[in-house]
Amino acid sequence: MELKINNNIYEIHYSYDEAIKLGHKQYSGRPCRHGHGTMRFMANKDCVECRRIIKNKLRAKYAEKRTINKPKPKSYTPPNINNKEAWAYRAVRISGRKLLHAKDLFSLLVDKCPILEIQLDYGPALNGPKLPENYASLDKIDPSKGYVIGNLQVISKKANAMKSNATIEELKLFVKNITARMF
């Protein structure tokens, strides 16, 4: 045990063995490589002053990150909007549609599917894999052009599944063969 004066304050310093016997968390060892005092932690023998400096730097770093005003992501759904607009915000979150903005889709929203002429459902998506057949779906008119404005339409999930990646010629052949077998 050693009595030292630091900034007009008396400090009692214990050696490693004495600190173990007394159950202390710190002991007096050799100065660290940065030249700080001799106080070290029992658990890992780190310098007390070095750890304090590192913690303060980390606190400052995270405080700075919190204060930066980041713009809201484009997938952010604002409160108090109707189901159709909320659907548009959800539709642009899918990875292939990242270049789209929800406001671009507002003009495409319709009440009825233009292909099957059924009422479209824009409600919140269910947690299960089974969506109703009349659920709104974003469709590429020409699949080779991708998700760009002018190549998109909102149709029902059922119509989109029927259309899939088929060309006009394939769809005409499908209609011709299906009607021939039914009548």
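Observations on the model:
- As a proxy for reagent exposure, D46, D111, D139 were ordered by neighbouring Cβ count within 10 angstrom, fewest first; the result is D111, D46, D139.
- Subset of K103/K172; K61/K98; K103/K130; K65/K145 violating a 32 Å alpha-carbon distance limit: K103/K172; K65/K145
- Label corresponding to mean projected area of the Cα convex hull in nm² when calculated from the structure given, among (i) 11.6; (ii) 9.7; (iii) 21.6: (iii)
- Each residue in E170, E49 was given a count of other beta-carbon atoms within 10 angstrom of its own, and listing them fewest first yields E170, E49.
- Estimated from helices alone, the mean residue ellipticity of the chain at 222 nm is -10000 deg cm²/dmol (sum of -39500 (n - 2.57) over DSSP H runs with n ≥ 4, per residue).
- Computed FRET value (nearest 0.05) for L116 with K65, which takes r as the C-beta separation and R₀ as 41 Å: 0.25
- Segment F106-A161, length gained on full extension (0.36 nm per residue, minus Cα span): 17.5 nm
- For the chain, taking a cut-off of 4.7 Å between Cβ atoms, the unpaired cysteines are C113.
- Relative contact order of the chain: 10 percent, from C-alpha pairs under 8 Å at least 6 residues apart in sequence.
- Computed magnitude of the charge dipole of the chain (debye, nearest 20; Cβ of K, R +1, Cβ of D, E -1): 440 debye
All of the numbers you see were taken from the coordinates with simple rules; none came from a lab. Owing to the predicted nature of the structure, the values given are computational and were not obtained by experimental measurement. Note that we place each Cβ from the backbone using ideal geometry, even for glycine, and neighbour counts take in every protein chain shown.
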